[in-house]
Amino acid sequence: MGFPISAALLDSMVLAIVMKEDTYGYEITRNLREVADVSESTLYPVLRRLQKGQLLETYDKEYMGRNRRYYRVTAAGIKALEEYRQDWKNHKEMIDSILET
């Protein structure tokens with residue numbers, strides 16, 4: 001049994017991954033799959049949403065003769081990630097107060 005991942009939680013996880021280092025879609029998916037069942041087809045709408053919200057920006061970088069689209073966190077994305085982290089901490093404490101008693 002698992003718990004569904006909300007859009008906000010997925011957004012925060014993607015921002016946290018990209019915050020560590022600029023990266024590309026497949027690598028983000030690989031990182032997410034370590035903790036959640038997420039496919040590339042799920043990820044790309046998330047990346048577009050974060051770009052549209054100006055939390056991520058892209059640039060192209062050549063890799064083995066091909067251009068690869070890389071993502072990086074914007075200043076607004078850094079601020080949003082800080083807020084997500086605080087919201088997660090508060091949410092986790094509330095859930096833990098029920099589940100761990």
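FYI, it's all coordinate maths here, none of it is from the lab. These numbers were taken from a predicted model, which means no experiment stands behind them. Cβ sites come from the backbone with ideal geometry, for glycine too, and all protein chains shown count toward neighbours.
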Let me confirm the definition first: pairs of Lys residues in the chain, 8 or more apart or on different chains, C-alpha distance under 18 Å. How many are there?
4
What FRET efficiency would be calculated for the residue pair ARG68, ASP37, taking the C-beta separation as r and a Förster radius of 22 Å, to the nearest 0.05?
0.35
In whole angstrom, how long is each semi-axis of the equivalent ellipsoid of the stretch 1-40, when you take the square root of 5 times every eigenvalue of its Cα gyration tensor and sort them from largest down?
18, 12, 8
With viscosity set to 0.890 mPa s at 25 °C, what whole-number translational diffusion coefficient in µm²/s follows for the chain from Stokes-Einstein and a Kirkwood radius over Cα pairs?
168
